[in-house]
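Below is one structure, written out as structure tokens, with a few remarks after it.
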Amino acid sequence: MKSQQKPVYGVVFAASAFLIWGLSPVYWKVLGKVPALEIIMHRVLWSTLLLFFMIAFKKHRNEFIAAIKNRHTFLFLFPSAVFLGSNWFIYVWAINNQYVLQASLGYFITPLVNILLGMIFLKERLRPLQTTSLVTAAMGVLCLTVYYGKFPWISLSLAFLFGCYGLIRKVAPIGSLTGLSIEMLLFFVPALAYIVYLDSQNIGTLFHISIRIDLFLIGTAVITTAPLLLFTMGTKLLNLSTVGFLQYIAPTCMFLLGVFIYHEPLLGVELLAFVLIWTALCIFSIDSVKYYLTGSRIKG
């Protein structure tokens with residue numbers, strides 16, 4: 001691949017990943033009558049089988065076997081799997097209970113949560129504009145908290161769970177495909193046992209409602225693994241500031257779906273909160289671009 005073509009391919013890969021994530025509420029709405037926990041169990045089951053199939057035909061078999069034998073790997077991947085699974089559960093539950101906008105807000109906040117976690121755990125320093133963006137985002141969350149009279153737990157849970165997952169995977173010494181495979185493997189047996197139990201009690205969904213629902217349940221393997229792999233391929237070819245811009249595709253799509261397709265009510269205070277969050281993201285993005293361009297000139 002020619003060097004000048006790499007950024008183009010990188011944008012295609014990463015943008016495709018975020019577009020899939022952003023439009024995924026349409027997929028989960030089809031499974032709206034299936035309990036969120038059952039959906040997650042199917043997601044784990046079919047994703048594990050698909051990932052094992054991929055590992056069998058790729059050059060990751062040795063890495064996977066070595067990781068399985070290394071007990072320290074599980075010190076990283078067990079908590080990351082818990083964070084990822086919890087994020088999935090809350091996300092699917094929110095989508096199927098008409099909280100698409102709150103889910104969207106959560107993923108708008110995620111990049112800023114990543115900055116905060118990096119500052120706390122990785123001793124990364126915030127530049128002035130980054131601090132401003134965090135304060136602005138916090139004001140948006142505070143608006144919702146005051147208006148609702150309760151903690152906006154859906155948005156913040158999604159943001160912090162995915163942020164913690166990203167933090168662990170950042171420091172974990174293991175590849176993306178192998179790491180995801182082991183994360184799924186950790187919950188494969190409980191997921192299989194739960195699905196078998198539901199079927200034995202005649203309360204399971206698979207093979208009991210329609211072929212369409214069956215295919216969508218099995219298809220959770222693709223909707224789960226495809227964007228993760230595309231994201232990994234894209235980030236290897238792009239600088240982080242570009243990835244940061246592309247990351248906003250997903251929550252923007254979710255926001256537009258919630259307002260224009262699913263007609264969720266958008267109250268004035270919610271609009272104000274979103275404007276504050278978008279402003280924070282713009283400040284953060286401008287700072288990232290300036291920092292990247294300044295660094296490039298210095299290196300040049």
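Quick note: the coordinates plus some simple rules give every number you see, no bench work behind them. Since the model is a prediction, treat every value here as computed from it, not as a measurement. Positions of Cβ are backbone-derived with ideal geometry, glycine not excepted, and every protein chain shown enters the neighbour counts.
Explain nothing, just the number: dipole magnitude of the chain about its Cα centre with +1 on each Lys and Arg Cβ and -1 on each Asp and Glu Cβ, in debye rounded to the nearest 20.
In total the dipole reaches around 1100 debye.
Which whole-number percent of Cα pairs in the chain have a distance greater than 23 Å?
Counting every Cα pair in the chain, those more than 23 Å apart make up 59 percent.
For Val171 and Val26, calculate 0.36 nm times their separation in residues minus their Cα-Cα distance, and state this gained length in nm to one decimal.
Full-extension gain reported as 48.9 nm.
Express in nm, to one decimal, how much length is gained between Tyr9 and Ser210 on full extension, taking 0.36 nm for each residue of separation and deducting their alpha carbon distance.
Here the segment from Tyr9 to Ser210 would lengthen by 68.5 nm.
Across every pair of different alpha-carbon atoms, what Kirkwood hydrodynamic radius in Å does region 66-169 reach?
14.9
Could I have the simple spin-label model distance between Val189 and Val289, label points 7 Å from Cα toward Cβ, reported in nm to one decimal?
The modelled label-to-label distance comes out at 5.2 nm.
From the Cα gyration tensor of region 115-154, with a ≥ b ≥ c the square roots of its eigenvalues, which class applies: rounded if a/c is under 1.5, or else prolate if a/b is larger than b/c, or else oblate?
Note, shape of region 115-154 comes out oblate.
How large is the helix-only mean residue ellipticity at 222 nm for the chain, computed as the sum of -39500 (n - 2.57) over DSSP H runs with n ≥ 4, divided by its residue count, in deg cm²/dmol to the nearest 500?
-26500 deg cm²/dmol
Pull out the extension gain between Phe53 and Ile203, defined as 0.36 nm times the separation in residues minus the alpha carbon to alpha carbon distance; nm, one decimal.
51.1 nm
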